[in-house]
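Throughout, read-outs are computed from the coordinates displayed, never taken from laboratory work. Predicted, not measured: the structure shown is a model, and the values here were computed from it. So basically every Cβ, Gly included, is an ideal-geometry build from the backbone, and we count neighbours across all protein chains shown.
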Amino acid sequence: MGYAGFRNLQPAGRIRQLFGLGLAEVDAPDARSVLLGQICDFLMTHDLAITAENLARAHAIFAGANRRFASKVAEREAQGEPISQKWLDDVDRPEEPEQDTAEELHKLAEELERSIAQFGQSTTTAKKAATSYTTELAQHVATVGSMQPSDSVLASLAHIARAMLERTREVEEEMRRSEREATSLRRNLAKARREAGIDHLTGLPNRRSFEAEFIRERNEAMETLEPLCLALVDIDFFKRVNDTHGHETGDRVIRAVGQSLARISDRCHVARHGGEEFVLLFRGLAPGQVLEQLDGARERMATRRFVDRISGKPIGEVTISVGLTDVFKNG
């Protein structure tokens, strides 16, 4: 089944723009013509001045040179919001880039993980040294204790040795406790990092997690010469569901769509892209095969009938729109 089998099929160019893929691999003259046309259309559509800076921005968007910027522009266009010169200037500030809070947390987690690993290694080394020292000291204490003290000096030495033994055993136990704490911290940090990559409404990976997965899959697919397809799915008229039945019902619809998409194939990586949008990555499948699987998911979703749990009123048919692009070829 071809593209015509999809309801409200999204243009693949938007998907490529969202993920900073730039132009598909076509002949050089055609690529130049397409790129020039996209730049001109963008500037004229949004009534932007033909300046060197705006031309450079448009080139970065459509050639895939600035993935973050392209994604912001694509999202604003999808929301139907105007792209004015002021908005463009505010968003594209290379001298003062916006610091991604999630990126800060990710870096902080990496630094913390390294510190915990070093602490754990130091603790383990110190515990081994303390254990060895305790064993040797215990032997010396036993030897001293078995002697018949001939004077007060020897008795004092025996007392000191026993005190040292008791203290080293305390230190050894503290080292064991620190080692257990380091292990627990590593587990908790690993759990926190996993949870940070999950969308808690649907249980699917979130956008940040997907972007990391996309880079990994793209690099591996390039090495193995496997096809790689990227799809964007959104729920049709979702605002109407929220406005009519409330956000709780809207959340239930989002979860249901996410669960349905997650069952498409074990060769498909599904994530919630944001709002009512989902993104899917298919590796090792040709575009035609991916189209069939997506169309099957679309048809199954259209047969479901949702009901508002509070009012009991039917929500009606929930449909999805799908867009697809081949990451390495023509979208």
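Structure notes:
- Residue by residue, region 205-215 carries 3J(HN,Hα) couplings of x, 8, 4, 4, 4, 5, 4, 5, 5, 4, 4 Hz when phi is fed to the Karplus relation 6.51 cos²θ - 1.76 cosθ + 1.60 (θ = phi - 60°); x denotes Gly or Pro.
- In this rough spin-label picture, where each label sits 7 Å from Cα along the Cβ direction, the residue 81-residue 68 distance is 1.7 nm.
- Counting charges near residue 312 (Lys, Arg +1; Asp, Glu -1) among other residues having Cβ under 15 Å from its Cβ returns a value of +2.
- Region 173-272: Rg to Rh, with Rh as the Kirkwood radius over Cα pairs: 1.16
- R0 of 22 Å, Cβ-Cβ distance residue 91-residue 40: FRET efficiency to nearest 0.05: 0.60
- In this structure the amide hydrogen of residue 226, modeled in the peptide plane, comes within under 5 Å of no amide hydrogen from residues 5 or more places off or on another chain.
- Taking amide H atoms as placed 1.01 Å from N in the peptide plane, the amide H of residue 48 has no partner under 5 Å among residues 5 or more positions away or on other chains.
- Amide H contacts under 5 Å for residue 236, placed H, 5+ residues apart: 319, 320, 321
- Across the cross-link table entries 72/313; 86/191; 86/239, which are compared at the Cα atoms, the separations over 31 Å belong to 72/313; 86/191.
- Global geometry of region 187-331, whether rounded, prolate or oblate, following the gyration tensor of its Cα atoms and the 1.5 cut on a/c: oblate
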